[in-house]
Amino acid sequence: MALPNPLPPVALEPNAPHAESDRCRFNAYLASALTGLDDEQRKHLFEISDAVAATCADNDVRLYEPRKVTDPVHHTAVPDVEVFRTDRHRVINSDLLIYLAHHPSTGAGQELVFAQEAIVPILVIAHINTRISRMVTGIPGPLTLVRYDSITRLTDRLAQELVDMEPKLLQRRIALAELEQHRVGTRIRELRESLNMTRRQVAESTRIPNAFTPEQLEQWEQNSDKVSNLSLTHLQEIASALSVSIKDLV
């Protein structure tokens with residue numbers, strides 16, 4: 001599944017083999033804590049990540065791992081805004097989000113929100129002794145919980161879940177194909193240009209102060225409807241700034 005343009009260069013995972021990408025049926029995103037872990041916690045989490053990645057590969061699922069691209073320890077030069085954009089694009093363009101619920105994480109929590117809003121199925125992995133926040137297990141929408149007491153049990157359960165989820169993942173991909181179009185962004189740009197308004201003027205004309213930035217508006221105009229995934233509130237503010245109704249945008 002191709003990423004929309006323009007994207008920051010960091011969004012491209014290094015050393016990703018094209019042959020594997022062509023072979024894989026689905027794309028998954030691995031969400032987990034990365035910030036604030038000590039060396040022992042990182043080592044253990046990466047062992048789990050490696051087991052998940054190997055299981056995904058065995059089941060023709062290509063797993064995107066932020067630790068290899070935007071790790072807060074090894075990729076400190078990546079600007080914060082690019083980390084946000086990259087991870088959001090990756091989550092929204094994935095068929096599945098796999099969340100390692102081993103350590104609390106605000107970053108992974110944000111990725112869960114991205115997935116829930118884009119109706120990306122979520123698969124939560126946790127040791128049987130790990131307490132998981134009810135803010136995670138209570139997420140409405142497609143969510144599966146995998147508990148394990150050994151790496152072998154983890155890989156077996158994950159492999160079975162990937163097999164069981166395949167029909168629904170295919171159904172979701174077909175259903176969302178229409179959203180790959182670029183209707184809303186094109187309509188916003190056309191209306192804005194017909195009024196001879198700059199993106200900054202639109203952003204400054206909203207009823208809610210700082211509802212969005214000119215840069216956000218540029219991305220919405222350029223990205224597909226699926227990637228933009230505009231909320232009703234944002235659509236209402238854009239419509240108000242352009243003196244039209246929401247139905248004129250969609």
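Derivation of every value follows stated rules applied to the coordinates shown; laboratory data play no part. What you see is a predicted model, and the numbers here were worked out from it, not measured in a lab. Note that we place each Cβ from the backbone using ideal geometry, even for glycine, and neighbour counts take in every protein chain shown.
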Within segment 122-157, trypsin sites (Lys or Arg not before Pro) in DSSP loop having at most 15 other beta-carbon neighbours inside 10 Å: Arg131
Paired Rg and Dmax values of the chain, which use every Cα atom, in angstrom: 19.5, 62
Dipole moment magnitude, nearest 20 debye, the chain about Cα centre, only Lys, Arg, Asp, Glu C-beta charged: 560 debye
Degrees, to the nearest 10: 232-241 long Cα axis against longest axis of the chain: 20 degrees
Selection of chymotrypsin sites (Phe, Trp or Tyr not before Pro), segment 45-123, meeting DSSP coil and at most 13 other Cβ within 10 Å: none
Anchor Lys68: lysines whose Cα lies under 17 Å away (excluding residues fewer than 8 positions away in-chain): Lys43
Residue pairs, from the table Lys168/Lys247; Lys226/Lys247; Lys168/Lys226, whose Cα atoms sit over 25 Å apart: Lys168/Lys247
Ordering of 167-176, 219-228, 32-41 by packing [mean C-beta count within 10 Å, highest first]: 219-228, 32-41, 167-176
Per principal axis, descending, Cα span of segment 129-250 in whole Å: 61, 31, 21
Neighbourhood net charge (15 Å Cβ-Cβ; Lys/Arg +1, Asp/Glu -1) for Ile128: +2
Kirkwood hydrodynamic radius (C-alpha pairs) into Stokes-Einstein, segment 111-161, 25 °C and 0.890 mPa s, D in µm²/s: 209 µm²/s
Semi-axis lengths, Å, segment 182-248, gyration tensor of Cα atoms, sqrt of 5 times eigenvalues: 15, 13, 12
Rounded tilt (10° steps) of 80-92 against the dominant C-alpha axis of the chain: 80 degrees
